[in-house]
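Contents: one structure, followed by commentary.
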Amino acid sequence: MMQNDSPVNTPLAGRIANLSNVSMCLGSFAKAINRESHLPGLLVMHGPSGYGKTTAATSASMMFDAYYVQCRSSWTRKAFYLALLKVMNIDPARTIYAMEEQIVAQLALSRLPVIIDEADHLTDRGIIECVRDIYEGSGAAILLIGEEKLPGALARWERIHNRVLEWLPAQPATLADARALADLYCRSVRVADDLLELIHTASKGVARRICVNLERVQETGRTMGHPQMGLAEWGDTPLYTGDAPSRRR
Amino acid sequence: MAATLKPRGHLTDREEIWTAIRALPQPWTLVDIAMCSKCEHGKVRDYVRSLVRANIVAVTSPGQPRRVPTQYTLADDRGVSAPRVRKDGSPLPPTGRARMWKAMRILKVFTEAELAEHASLPEAPVAEGEVHTYCLWLARGGYLRSGGERDRWSFIPGRDTGAKAPQVLRIKQLYDPNTGEVVYQSKTEGGDE
């Protein structure tokens, strides 16, 4: 059991970086960080949930040693600043104004970029201007991540909209992405190309659903003792499509 | 800079030294830093030397042995976090555990393979065995919960205590079974430096 536990044991490093959304994000973030001083430094990555935006953010934050915060719906300006100071490991000052100064100073000195995930919550609460304050003060490259409606919401704040260097719409997973995910998640069972294609179609390119399906395939393969799962082995068991269940007849 | 940047949490020796370098009036000597940071002179000297090689600290007036101490200034303030540099001044990436800690707080739910992939840098890969060990320790400390499947974990949101990775420390004790007492405890080892 143990010795054939990983028939697809290719080296790990770099497999995530090959996912198309991750490589797009890494490339653009690198450009924003090394940009000429007259260019704007905000990036906006937007797309439906499950497309792998946070995966891209994780890679980017690791690669560029970026500060990462994930916004929540209850956040006020103060909560946002406190969260940033926490990831910066700075003892927060007493007033909001002083906190902002601390953040700006730390970003300007360290020259590290920032990733703000779920930025929709900042636009919803109308506190997105504080991102602009931080950006203007420090010149740090900032990556905003949110769902599809984020660009529309940002359009309301022209002063932010003008400072966006690049808009990065997250793309649905390609078949090559599905293969990369299969290599990453299915360590003990090999997924054949025909089944992978079916999974890719059924998941409508949503990376998270592909992962759920791959997990199921692997589990089935493991229990049935198949080292490789193809259409023949899988049969017509339904795949996870994300649709609500239809009425039973 | 007008804003005061004070690091939070417990500081390692290097962090104490860096904080002293930023806080003291410029220029300063090694003795000033050792007094201010309460660190051993040898540690101060080693770290300042690496910072000089990294062009972060500059020598303003070279001293004479046993007479005049060398004076240094901070040439390139990198902010609140102590720069991680090797002896030759080349930059050092964050530790593997620091990267794991960071990645798991972003991912929230992850498999060990996924975390190893995310926490790895091209020049500094993280082995899956190391991921497994660290996750087990964090689970013992109540930071992670086992996610049902065999190598899946989830991060407990309320346990996001801050930017620094919890450290697994070693400690040696001398135990006397006659009396059932621990008669000596060594200093902790294995923390981040």
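Table for the structure above
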quantity: Electrostatic dipole magnitude of the protein assembly as shown [Cβ: Lys, Arg +1; Asp, Glu -1; Cα centre; debye, to 20]; calculated: 860 debye
quantity: Relative contact order %, chain A, counting alpha carbon pairs below 8 Å whose residues are six or more apart; calculated: 25 percent
quantity: Overall Cα dimensions of the range A:97-194 - principal axes, largest extent first, Å; calculated: 56, 31, 22
quantity: The range A:175-234 - convex hull of the alpha-carbon atoms, volume per residue in Å³; calculated: 60 Å³
quantity: Shape parameters for the protein assembly as shown, alpha-carbon atoms, Rg then Dmax in Å; calculated: 25.0, 96
quantity: Rounded Å value of the spacing that divides the Cα centres of the range A:101-170 and the range B:166-193; calculated: 47 Å
quantity: Set B:Lys6/B:Lys187; B:Lys87/B:Lys108; A:Lys78/B:Lys187; B:Lys38/B:Lys108 screened for pairs whose C-alpha atoms are more than 32 Å apart; calculated: B:Lys87/B:Lys108; A:Lys78/B:Lys187; B:Lys38/B:Lys108
quantity: Area accessible to solvent at B:Asp88, 1.4 Å probe radius, in Å²; calculated: 100 Å²
quantity: For the range A:38-113, accessible area per residue (1.4 Å probe, heavy atoms of protein chains only), Å²; calculated: 37 Å²
quantity: Unit charges at the beta carbon, dipole of the range B:96-185: most positive-side option, B:Val131, B:Ser120, B:Gly162; calculated: B:Gly162
quantity: In the range B:2-108, the GluC sites (Glu not before Pro) that fall in loop regions by DSSP, at most 14 other Cβ within 10 Å; calculated: B:Glu40
quantity: Along principal axes, Cα extents of the range B:96-193, largest first, whole Å; calculated: 48, 32, 24
quantity: Cα convex hull of chain B - mean projected area over all directions, nm²; calculated: 15.7 nm²
quantity: Where trypsin sites (Lys or Arg not before Pro) fall in DSSP loop in the range B:100-171, at most 14 other Cβ within 10 Å; calculated: B:Lys108, B:Arg150
quantity: Linear extension gain, A:Arg72 paired with A:Lys149, 0.36 nm per residue minus alpha-carbon span; calculated: 26.1 nm
quantity: Dipole magnitude (debye, nearest 20) for the range B:47-193, charges at Cβ of Lys, Arg, Asp, Glu; calculated: 520 debye
quantity: Charged-residue dipole, Cβ positions (Lys, Arg, Asp, Glu), chain A about Cα centre, Debye nearest 20; calculated: 420 debye
quantity: Shape metrics for chain A, restricted to C-alpha atoms - Rg then Dmax, Å; calculated: 21.2, 65
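The values are calculated or read from the model by the stated rules, or taken from the named source; none is laboratory data. As the structure is a prediction and not an experimental result, all values here were calculated from the model. Here Cβ is always computed from backbone atoms with ideal geometry, including for glycine, and neighbour counts include all displayed protein chains. We work out accessible area using only protein heavy atoms, side chains counted, and drop any ligands, DNA or RNA first. Shrake-Rupley method; radii C 1.70, N 1.55, O 1.52, S 1.80 Å.
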